[in-house]
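In what follows, a single structure is set out as structure tokens and then discussed.
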Number of protein chains: 2
Amino acid sequence: MAETLVQIEKDFLKYVEKIVAYNEAIAVMAWDLRTGAPKKGVEQRSKVIGLLSAEVFKLSTSSEMKYFLDALLSEEGRKELSEITIKTAEDCKKNFDRMNKIPAEEYEEFVILQSKSESVWEDAKKKAEFSIFQPYLEKLVEKTNRFIKYWDWEGNPYNALLDLYEPGMTVEVLNPVFNEVRKGIIPLLEKIERHGKKVDTSFLFHPFPKEAQRELCIEILNQMGYDFEAGRLDETVHPFETALNPGDVRVTTNYNINDFRVALFGTIHEGGHALYEQNISTDLVGTTLAGGASMGIHESQSLFNENMIGRSRAFWKRNYSLLKQYSSGQFEHVDLEDFYRAINEVKPSLIRIEADELTYPLHIIVRYELEKGIFNEEIAVKDLPAIWNEKYKEYLGITPDHDGVGVLQDIHWAGGSFGYFPSYALGIIYAAQMRNALLKEMPNFDELIEKGELNKIRQWFTEKVHRFGKLKKPLEILHDATGEGLNPKYLLTYLEEKYTEIYQL
Amino acid sequence: MAETLVQIEKDFLKYVEKIVAYNEAIAVMAWDLRTGAPKKGVEQRSKVIGLLSAEVFKLSTSSEMKYFLDALLSEEGRKELSEITIKTAEDCKKNFDRMNKIPAEEYEEFVILQSKSESVWEDAKKKAEFSIFQPYLEKLVEKTNRFIKYWDWEGNPYNALLDLYEPGMTVEVLNPVFNEVRKGIIPLLEKIERHGKKVDTSFLFHPFPKEAQRELCIEILNQMGYDFEAGRLDETVHPFETALNPGDVRVTTNYNINDFRVALFGTIHEGGHALYEQNISTDLVGTTLAGGASMGIHESQSLFNENMIGRSRAFWKRNYSLLKQYSSGQFEHVDLEDFYRAINEVKPSLIRIEADELTYPLHIIVRYELEKGIFNEEIAVKDLPAIWNEKYKEYLGITPDHDGVGVLQDIHWAGGSFGYFPSYALGIIYAAQMRNALLKEMPNFDELIEKGELNKIRQWFTEKVHRFGKLKKPLEILHDATGEGLNPKYLLTYLEEKYTEIYQL
């Protein structure tokens, strides 16, 4: 290998290390802002974060970066250099191309519009008036459409947005998959509503002291294999997971005294994200590849843990007595089967983040269809509320009383995050497909859960998913782990089996 | 004013804002490391901090910085520009000159030596063997001597080191002052030991639950005027205060279940530092001037609050019932006077950080005399343990059993921080001198404390000290606040009065 190429590789990796370091600093400050930073320091802190983010932007789009990428991704580079270097360069190049194609002033306008829109959206949601938000959403869509024109993509223009969150994902792949999911879930839901045995959930809503909830959450995180020497659990209004580096992956949760499920399932969910980040190969530390492959793959890890482990019968066979121990007597006279049914109650609801496992994908599919319509100029922003309500009626059988619990419920669009929603449904489809592959290799899956040997399951995911970080694309990970492409039938079979039994259909 | 000068000023302030932003990011990460960051992330985090620190170093010593400083500190600049700009430029220039005069590779060697020496020192202290640490300390002294040769200074070479922590302070000023303090304290101490009424402290050491200690500390911080909307209180092994920005000034404390004094007086001490930083003028935010004027002035604020308020009779007239309320009955049968005497017990001890108010300056004077001796080549490193022990015998009347509780007790020298110790004694001298000035303006000082109106006292300090940040030099602040130069007689009078009464001499 040419002397210069060796040197360029070395310089490039050092340069990337700096970007990664700045991003860690930003992430620590962002975590701090959400876990109790004093409010009078927020303004200055936001400036500091803005300044460092601008620095990251500069480093990522500089002529120095271009020089590195041209040299490393040359024919010689691709032949001679390590996989990690090449994939890191490709990851940087994707980002470079995307950012560099947007004129700087347009990007700046977009960033300002985003933050304005978020506060307008907040107000509109509170007042349940879409018309307040509409002009901002129109501008966000208009600007996003301009960006799409600057970028390279194939097929449907919405593919350019999908690719931001789920590299390689397309409308062509998603359309048939989401249709099949929708057509599978709706009849099952109708059957449950018409013929299902009613579920009693009243015993869930008793006071459960916060400190006891916290201890329970810690015990469950330990059982999952979450490493507290490489993480910590804090309290925030909105739970999240943040990976500062693979040795420092934090989760937060929110405690509702009268509904322990919020903290417990929230913690298991964020814990699932955290297991991913804690188990990325240490070879990738210091590169941009030390992170999840995509939003969807990330969500597969959280949803697998939350629903396929945390809401399984086997898990509660193991942990029901533990729950009883920490709670203040509310489950004393509730038997395990009734408890299991209660935490798996199916009930179409208006709010996505409160949805159950069965109806959740329908919430996502509504949003997918709307976004796709917008960016194909088939749906106008002004018509969104009406179409939203129609689709909720059609898919979930319910209609929002007002836009505050309808089209205005999510912050995503206000932040200009179009193309993000599908990841949530992809997550559960990936999860079910991986669960199927896992069951083939570990037919004693339920037994492991019942014994509390979740770490063995975690190891399977580390082997197949976690360790690769961003070395592989989402569909590559899925294929290598399951032997096939995206296939929604595993999700439908899983749901059918689980809910047929729970509702005694 | 010339167009270009206006532009240069603008660019310079933006440039400085970036340095300040990086320093805030570093400070947040350092705070985080000390308040529960998971240990497996520490290595990567340290790299991130190192990388950002290197960036700050680069920015502070760049040719761009030189260009700014030359233009702004020109005759025209000094005539035309605002005080804040000029003082910021002077502050940057001081730093620039100091760093730029050291060859880069020598500085790097020093940084590596520092961190090595700290771990060697830790080992040496544990084993109580000075010989393990000696070669490292010799190297640190040797390198520091080289730095002194690179720098500009007048009079005694040790002045170059004093100036690092106490701008403008010199051996010529300190010698007579420290001599007077020493000659004042030693006879008072001997008198107490020979004729003083014995003090009972046994009731201090009862179990006092941590949560109750924490609540008490919060109440006292509120009383002091510490703004919890611009700060927070956390737990760490070693208490500290850190100012991320003037709207985010955090304190930490350490709880000893069997000695509530550790947390309470520690919190008041750090709270005093925090009052300083919270009340710096907002005009200085974003410049390098938004910080304490010096280590000594900073220490004057913490020691004033800890000793002259927190250990005063008036304070406990106000707060003794509060203390009783939070504690678990240990003070039920102890009257206020006995309590007041107990928390002001004088007892020569070997360990500086455990010393009482009266003997504390003697610990510092020992260190001052040794450092001055070393950098005047009158004392060799190898002779430090023997001279240390002699001085402890002479000044405090006690001799260490071994070097672990003698010359090896402090980390400062291992970190290459020579010239730092005098600030601690200066702090208490400044504090007493300011107290005297304050008493003239507020003869009802004790009454204010007794009424819990500490905020009025805090306002006086904000007016005279806090708001200026680094706009003024330490002795300038002292002079403007008290009408005279450094004068130790106020400390001696204060100590004499207080302890004559307590010990009924």
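When Lys and Arg each count +1 and Asp and Glu each count -1, what net charge do the other residues less than 10 Å away from residue A:255, Cβ to Cβ, add up to?
-1
Using a 10 Å cut-off on Cβ to Cβ distances, tally the other chain neighbours for every residue of B:221-229 and report the average as a whole number.
Average per residue, whole number: 1.
Find every distance from the label point of residue A:489 to the corresponding label point in the other copies (7 Å from Cα along Cα→Cβ) and write them in nm, one decimal, shortest first.
9.9
Give the calculated FRET efficiency between residue A:455 and residue A:261 to the nearest 0.05, with a Förster radius of 25 Å applied to their Cβ-Cβ distance. Mind dumping the intermediate values first?
On the way: r = 24 Å, r/R0 = 0.96.
Calculated value: 0.55.
Helix B:454-464: angle to the longest alpha-carbon principal axis of chain B, degrees 0 to 90, nearest 10?
Helix B:454-464 sits roughly 30 degrees off the main axis of chain B.
Less than 25 Å apart at the alpha-carbon level, and either on another chain or at least 8 residues along: which lysines does that give for residue A:125?
Output for residue A:125: A:39, A:116, A:139, A:143, A:347, A:372, A:382, A:391, A:393.
Among A:477, A:452, A:417, which residue has its Cα positioned farthest towards the positive end of the charge dipole of chain A, with +1 placed on the Cβ of Lys and Arg, -1 on the Cβ of Asp and Glu, and the dipole taken about the Cα centre?
The residue sitting farthest along the positive end of the dipole is A:452.
Kindly express, to the nearest 10 degrees and within the range 0 to 90, the angle between helix B:83-100's C-alpha long axis and the longest C-alpha principal axis of chain B.
It is inclined by approximately 80 degrees.
Measuring nothing but label to label, 7 Å from Cα along Cα→Cβ, what are residue A:2's distances to the other copies in nm, shortest first?
Sorted ascending, the copy-to-copy spacings read 4.6 nm.
What FRET efficiency do you get for residue A:218 and residue B:54 if R0 is 35 Å and r is their Cβ-Cβ distance, rounded to the nearest 0.05? List each step's numbers first, then the result.
Values: r = 38 Å, r/R0 = 1.08.
The formula returns an efficiency of 0.40 here.
Using the Karplus curve 6.51 cos²θ - 1.76 cosθ + 1.60 with θ = phi - 60°, work out ³J(HN,Hα) for each residue of the stretch B:141-149 in order, rounded to whole Hz, and write x for Gly and Pro.
5, 4, 5, 5, 4, 5, 4, 4, 5
So, in Å, what gap is there between the alpha-carbon centers of the stretch A:155-225 and the stretch A:78-144?
26
Can you compute the modelled spin-label distance between residue A:351 and residue A:119, with each label point 7 Å from Cα toward Cβ, in nm?
2.5
Given a 1.4 Å probe, how much area per residue of chain B is accessible, in Å²?
42
Checking the a/c ratio against 1.5 first, then a/b against b/c, what shape does the Cα gyration tensor give for the protein assembly as shown?
prolate
Between rounded, prolate and oblate, where does the stretch A:171-502 land on the alpha carbon gyration tensor, with a ≥ b ≥ c its root eigenvalues, rounded for a/c under 1.5, else prolate if a/b exceeds b/c?
Because its axes are fairly even, with a/c under 1.5, the stretch A:171-502 counts as rounded.
Heavy atoms only, 1.4 Å probe, whole protein assembly: order B:46, B:349, A:423 by accessible area, highest first.
Most to least solvent-accessible, the answer reads B:46, B:349, A:423.
Rounded if a/c is under 1.5, else prolate if a/b beats b/c, else oblate: with a ≥ b ≥ c from the C-alpha gyration tensor eigenvalues square-rooted, which is the stretch A:1-153?
Oblate, since a/c reaches 1.5 and b/c is not below a/b.
How far is helix B:384-396 tilted off the main Cα axis of chain B, in degrees rounded to 10, range 0 to 90?
Helix B:384-396 sits roughly 40 degrees off the main axis of chain B.
Can you tell me, using C-alpha contacts under 8 Å and at least 6 residues apart, the relative contact order of chain A as a whole percent? Walk me through the numbers before you get to the answer.
Working: 689 pairs, mean separation 100.9, N = 505.
It rounds to 20 percent for chain A.
Can you pull the mean other chain C-beta count within 10 Å for peptide A:50-59?
Mean shielding by partner chains, rounded to a whole number: 2.
What are the principal axis extents of the Cα atoms in the stretch B:185-245, in Å, biggest first?
Principal axes ranked by extent give 49, 30, 24 Å for the Cα atoms.
Looking down the axis that turns B into A, which residue of B has the closest beta carbon, and how many Å out?
Reported as residue, whole Å: B:25, 2.
To the nearest hundred square angstrom, how large is the accessible surface buried between A and B, total for both chains, probe 1.4 angstrom?
Values: alone 22460 and 22470 Å², together 41910 Å².
Rounded to the nearest hundred, the buried surface is 3000 Å².
Give me the accessible area of residue A:379, 1.4 Å probe, in Å² rounded to the nearest 10.
30
Report, by chain and number, residues whose modeled amide H sits under 5 Å from the one on residue A:235, excluding near sequence neighbours (fewer than 5 apart, same chain).
Residues meeting the criterion, in which the H sits 1.01 Å from N, are A:253.
How high is the relative contact order of the stretch B:3-136, in percent, counting Cα pairs under 8 Å that sit 6 or more residues apart?
Working: 61 pairs, mean separation 29.4, N = 134.
Result for the stretch B:3-136 is 22 percent.
Measuring from label point to label point, each 7 Å out along Cα→Cβ, what is the residue B:229 to residue B:3 span in nm?
4.5
Using the crude model of +1 on Lys and Arg Cβ and -1 on Asp and Glu Cβ, and no other charge, please compute the dipole size for chain B relative to its Cα centre, in debye to 20. Present the calculation step by step, with values, prior to reporting the outcome.
Numbers: 61 positive and 81 negative charges, 113 e Å.
About 540 debye.
Could you tell me how far the Cα centroid of the stretch A:361-403 sits from the Cα centroid of the stretch A:1-52, in Å?
So the separation of the two Cα centres works out to 38 Å.
With a 1.4 Å probe on protein heavy atoms only, tell me which residues of the stretch B:241-264 lose at least 10 Å² of accessible surface in the complex relative to the chain by itself.
B:245, B:247, B:248, B:250
Work out the length of the dipole vector of the stretch A:412-505 about its Cα centre, built from +1 on the beta-carbon of each Lys and Arg and -1 on the beta-carbon of each Asp and Glu, and round it to the nearest 20 debye. Intermediate values should be presented prior to the final figure.
Details: 12 positive and 12 negative charges, 93 e Å.
Its charge dipole is roughly 440 debye.
Treating the point 7 Å from Cα along Cα-beta-carbon as the label, what are the nm separations from residue A:259 to the other copies, to one decimal?
When each copy's label point is compared with this one, the spacings are 5.0 nm.
Given points 7 Å out from each Cα along the Cα-Cβ axis, report the residue B:441 to residue A:129 separation in nanometres with one decimal.
Taking the simple label geometry, residue B:441 and residue A:129 are separated by 5.2 nm.
Please give the calculated 222 nm ellipticity per residue for the protein assembly as shown, where each DSSP H segment of at least 4 residues contributes -39500 (n - 2.57) and the sum is spread over every residue; nearest 500 deg cm²/dmol? Don't skip to the end; give the middle numbers.
Working: 42 runs with 631 residues, N = 1010.
Computed ellipticity for the protein assembly as shown at 222 nm equals -20500 deg cm²/dmol.
Can you run phi through the Karplus equation (6.51, -1.76, 1.60; θ = phi - 60°) for the stretch B:485-492 and list ³J(HN,Hα) in whole Hz, with x for Gly and Pro?
After applying 6.51 cos²θ - 1.76 cosθ + 1.60, I find x, 4, 9, x, 5, 5, 5, 5 Hz.
Give me the percent of the accessible area of the protein assembly as shown that comes from carbon and sulfur atoms, probe 1.4 Å, all protein chains in place.
49
The values are calculated or read from the model by the stated rules, or taken from the named source; none is laboratory data. Note that the structure is a prediction, hence the values are computed from the model and not measured. Methodologically, a virtual Cβ is constructed for each residue, glycine included, from the backbone with ideal geometry; neighbour enumeration extends over all protein chains shown. Just the protein is used for accessible areas: all its heavy atoms, side chains included, with ligands, DNA and RNA removed. Shrake-Rupley method; radii C 1.70, N 1.55, O 1.52, S 1.80 Å.
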